[in-house]
Amino acid sequence: MVADGNPRAAVRIEGDRILVYVGQGSQAAVRRALNRWFRSQADISIKQAVWRASRALGLQPGKIAIRNQRTRWGSCSNEGNLSFNMKLIAAPPEVLEYVVVHELMHLKERNHSDRFWELVRSQCRDYVQAREWLRRNALRIDI
């Protein structure tokens, strides 16, 4: 943390360190700055992953929202809008890909039937390992 007096917080990566510049050196200011930064990084990464996968699959999702959710990694509304947990930014790329594919497949199959899981498996062979990673690490990710 660098308390530089600037009222506008900033986060920068320098080498293997994350530097947080805040106006006042409080824990709350650092947490807010990091939360905004992680959310913006998640917004970029997740939306790019959705764009790539939806294009490859020929699917057209509605709106894409990034949220800080407690219990869900993603969801798909009846209107085809997708929502993703910003904590996915801390997951390995193959886990993010699985969650994106999972939600996109709900555009074809709105439930978790055998047909749904076959659609997921057809695009994400290692989905069982990805689900296991999420189960094992859900409580460890604190952004």
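The values are calculated or read from the model by the stated rules, or taken from the named source; none is laboratory data. Since the model is a prediction, treat every value here as computed from it, not as a measurement. Quick reminder, even Gly has a Cβ in these numbers, built from the backbone with ideal geometry, and neighbours come from all protein chains shown.
Data table
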| quantity | calculated |
| --- | --- |
| Region 106-143, residues that are among the hydroxyl-bearing types (Ser, Thr, Tyr) and surrounded by fewer than 11 Cβ atoms within 10 Å (Cβ to Cβ) | Ser113 |
| Hey, Arg39 among the charged types (D, E, K, R), under 18 Å from Ile141 (Cβ atoms) and in contact with a helix residue (DSSP H, G or I) (Cβ under 7 Å, 6 or more places away or on another chain) or not | yes |
| Tally of residues being surrounded by 15 or more Cβ atoms within 10 Å (Cβ to Cβ), within 18 Å of Val95 (Cα to Cα) and not hydrophobic (A, V, I, L, M, F, W, C) across region 42-62 | 4 |
| Of all residues making up region 92-116, the number that are out of contact with any strand residue (DSSP E or B) (no Cβ under 9 Å at 6 or more places or on another chain) and closer than 20 Å to Ala42 by Cβ | 7 |
| Meets criteria (assigned to a loop (DSSP other than H, G, I, E, B) and under 20 Å from Asp142 (Cα atoms)) for Arg8 | no |
| The lone exception for Ser83 - which of (1) surrounded by fewer than 16 Cβ atoms within 10 Å (Cβ to Cβ); (2) among the polar types (S, T, N, Q); (3) under 18 Å from the mean Cα position of the chain (by Cα) it fails | (1) |
| Meets criteria (out of contact with any strand residue (DSSP E or B) (no Cβ under 8 Å at 6 or more places or on another chain), of a type outside the set (D, E, K, R) and at pLDDT below 95) for Ile89 | yes |
| Among (1) of a type outside the set (Lys, Arg); (2) within 21 Å of the chain's Cα centre (by Cα); (3) surrounded by fewer than 13 Cβ atoms within 10 Å (Cβ to Cβ) - the single one Asn35 does not satisfy | (3) |
| Region 30-76, subset hydroxyl-bearing (Ser, Thr, Tyr) and at pLDDT 95 or above, residue farthest from Leu19 (Cα to Cα) | Ser54 |
